[in-house]
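S.K.: Pasting a structure here, questions to come.
Quick note: the coordinates plus some simple rules give every number you see, no bench work behind them. Because the structure is predicted, anything quoted here is derived from the model rather than measured. Counting neighbours? That spans all protein chains shown, and the Cβs are built from the backbone with ideal geometry, glycine included.
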Amino acid sequence: MALKQIEHGSDEYRKMVNLRNEILRKPLGLSFDSDELDQEKDDVLIGAFEDGKILGCCMLTRVNSTTCRLRQMAVDARLQRKGVGHALMNFAENLARDYGYKTLMMHARKTAVGFYEKQGYRVCGDEFIEVTVPHHVMEKRLI
């Protein structure tokens, strides 16, 4: 499995958007619009690939000079619980450190809180609804 940064608008980016759509949006009856995708061009886009096929992805969005937000974490449904998500998280955290961020935060779906807690994240604040499902703000200090 190769972990790497993806260029916005590339073929790999289109694979990333398709995976995110299948895993995160379609099950909720939602889809992406072009304005939303255009806003991602300043984000750090990350993918896990094998033989040209995308296995998983996520992105980092700048919040401020010390904090970035992990977004759009998705792993192919057939590969969940096989280490792809863990590898993506480690890669994303290392990139965030390389960019000088001290804290990584996210809006985690309630169903994924346990996964992120195992990665060292903690819940901060009350549950809220985003894209029609319960979420929690979670964060981790990057040392």
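S.K.: Going by the conditions given, is residue 138 assigned to a strand (DSSP E or B) and in contact with a Cys (Cβ under 7 Å, 6 or more places away or on another chain)?
M.R.: yes
S.K.: Hey, another quick one. Here is a list of conditions, (1) in contact (Cβ under 8 Å) with a residue 60 or more places away in the chain; (2) closer than 25 Å to residue 98 by Cβ; (3) touching a Ser or Thr at 6+ places or on another chain (Cβ under 9 Å), and residue 28 meets all of them except one; can you say which number that is?
M.R.: (2)
S.K.: Please go through the range 42-55 and give me each residue that is surrounded by fewer than 15 Cβ atoms within 10 Å (Cβ to Cβ) and either among the small types (Gly, Ala, Ser) or more than 15 Å from the chain's Cα centre (by Cα) (or both), ordered by number.
M.R.: 50, 51, 52, 53
S.K.: Criterion first (part of a strand (DSSP E or B) and either charged (D, E, K, R) or without any contact (Cβ under 8 Å) to a residue 12 or more places away in the chain (or both)) does residue 97 satisfy it?
M.R.: no
S.K.: Restrict the check to the range 28-47 and report whether at least one residue is in a helix (DSSP H, G or I) and of a type in the set (A, V, I, L, M, F, W, C).
M.R.: yes
S.K.: Taking the range 1-25, which residues are without any contact (Cβ under 8 Å) to a residue 12 or more places away in the chain and not in a helix (DSSP H, G or I)?
M.R.: Passing the criteria: only 10.
S.K.: Also, quick follow-up: Please pick out the residue among 142, 60, 79 that is under 15 Å from the mean Cα position of the chain (by Cα) and either surrounded by 13 or more Cβ atoms within 10 Å (Cβ to Cβ) or of a type in the set (Val, Ile, Thr) (or both).
M.R.: The conditions single out 60.
S.K.: Follow-up question, since we're still on this one. Which number in (1) more than 26 Å from residue 101 (Cβ to Cβ); (2) touching a residue at least 40 places away in the same chain (Cβ under 8 Å) marks the one condition that residue 33 misses?
M.R.: In the conditions (1) more than 26 Å from residue 101 (Cβ to Cβ); (2) touching a residue at least 40 places away in the same chain (Cβ under 8 Å), residue 33 misses (2) alone.
S.K.: Could you grab me the full set of residues in the range 111-124 that are in contact with a strand residue (DSSP E or B) (Cβ under 7 Å, 6 or more places away or on another chain), farther than 13 Å from residue 142 by Cα and surrounded by 14 or more Cβ atoms within 10 Å (Cβ to Cβ)?
M.R.: 113, 116, 123
S.K.: Also, quick follow-up: Residue check: is residue 20 more than 15 Å from residue 8 (Cα to Cα), among the basic types (Lys, Arg) and either surrounded by fewer than 21 Cβ atoms within 10 Å (Cβ to Cβ) or under 12 Å from the mean Cα position of the chain (by Cα) (or both)?
M.R.: In short, no.
S.K.: Also, I was wondering about something else. Kindly indicate which of 97, 25 is charged (D, E, K, R), surrounded by 13 or more Cβ atoms within 10 Å (Cβ to Cβ), under 27 Å from residue 1 (Cβ atoms) and within 15 Å of the chain's Cα centre (by Cα).
M.R.: Selected residue: 25, the only one of 97, 25 that is charged (D, E, K, R), surrounded by 13 or more Cβ atoms within 10 Å (Cβ to Cβ), under 27 Å from residue 1 (Cβ atoms) and within 15 Å of the chain's Cα centre (by Cα).
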